[in-house]
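Colleague: Have a look at the structure that comes next, please.
The values are calculated or read from the model by the stated rules, or taken from the named source; none is laboratory data. On a predicted model such as this, the values are computed, not experimentally measured, just so you know. Here the Cβ positions follow ideal geometry from the backbone for every residue, glycine too, while neighbour counts run over all protein chains shown.
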Amino acid sequence: VYHWEQVFPARSVTTIEHEYRPLAGIGIGYCPTDEKRMANRLSLGETRSVCHLVDYVLRTAKTWKGPIGRFKLVIPVSPHDTAVWSSLGPLVLSKDEKRATFERKNFVPEDDLVVAVWNGRTETEGRP
């Protein structure tokens, strides 16, 4: 956990970007399966695969002075991935099929972020 105090200049716009390469856990029985949540699933290929989950605390942004002006979630997609899902809503696949994205302006998260990626590799092969 990283924590520090930060002072931002008054009466100016400050852009903050975060980039993470998280470790994904393998979901057994925890991946979204109900019909309502699966509506957000972006299918990329065959359905038989292992599900990897990534959780990120996002709801603390509700305590900020205002909404996140421009929120963009980018999920890299490998050739082995068969589907990707986000708890935030439907994802859009890039034209080159290497990224799935979710974008919103003036975004106020209602809950934490959960991303699920179904991957055609076996559990022992893992995900890059």
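Colleague: With (1) among the small types (Gly, Ala, Ser); (2) under 19 Å from the mean Cα position of the chain (by Cα); (3) modelled with pLDDT of 70 or more as the list, and Ala39 as the residue in question, which single condition is left unmet?
Modeller: Answer for Ala39: the failing condition is (3).
Colleague: Where in region 76-128 are there strands (runs of 3 or more DSSP E), lying wholly inside it, with at least 3 residues that are surrounded by fewer than 16 Cβ atoms within 10 Å (Cβ to Cβ) and modelled with pLDDT of 90 or more?
Modeller: 99-107
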